[in-house]
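The structure is given below, and queries will be raised subsequently.
The values are calculated or read from the model by the stated rules, or taken from the named source; none is laboratory data. What you see is a predicted model; the values in this text were computed from it and never measured. All Cβ positions, glycine included, derive from the backbone under ideal geometry; neighbour counts span all protein chains shown.
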Amino acid sequence: MFLKHEVKEVNGRCEAFLYLDKNVFLTCAENELNLVVKEAAKNYIKRTLPAIPIEVVRLMVGNVLYFSFAIQSEEQKIRAHKNK
């Protein structure tokens, strides 16, 4: 599903740029694609970049941004839970 990835530091936070295979992009309905790709992106980051505190994921098709979303690291989730 993902051809490659890049990690960049932007304004002090780590962002992952995941490059989608165009064939996946073309074969799914948009609403289905967003859900499937978002979940796949989260799993991909956990599996391939476990030590990097990724805060933003940007999904690319070629050189074009398809969509982006924020994610919380496990450390951020623990802090948020303690502050409740």
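Would you confirm whether or not the stretch 21-44 contains a residue that is modelled with pLDDT of 95 or more, touching a Phe, Trp or Tyr at 6+ places or on another chain (Cβ under 7 Å) and not in a helix (DSSP H, G or I)?
no
Another question, if that's okay. Examine the stretch 50-64 for a residue that is modelled with pLDDT under 90, on the phi < 0 side of the Ramachandran plot and surrounded by 13 or more Cβ atoms within 10 Å (Cβ to Cβ), and state whether such a residue exists.
no
What pairs come out if I take residues in the stretch 43-60 that are within 19 Å of Asn11 (Cβ to Cβ) and pair them with residues that are in a helix (DSSP H, G or I) and among the acidic types (Asp, Glu) whose C-beta lies under 8 Å away, six or more apart or interchain?
Cβ pairs passing all conditions: Pro53/Glu75.
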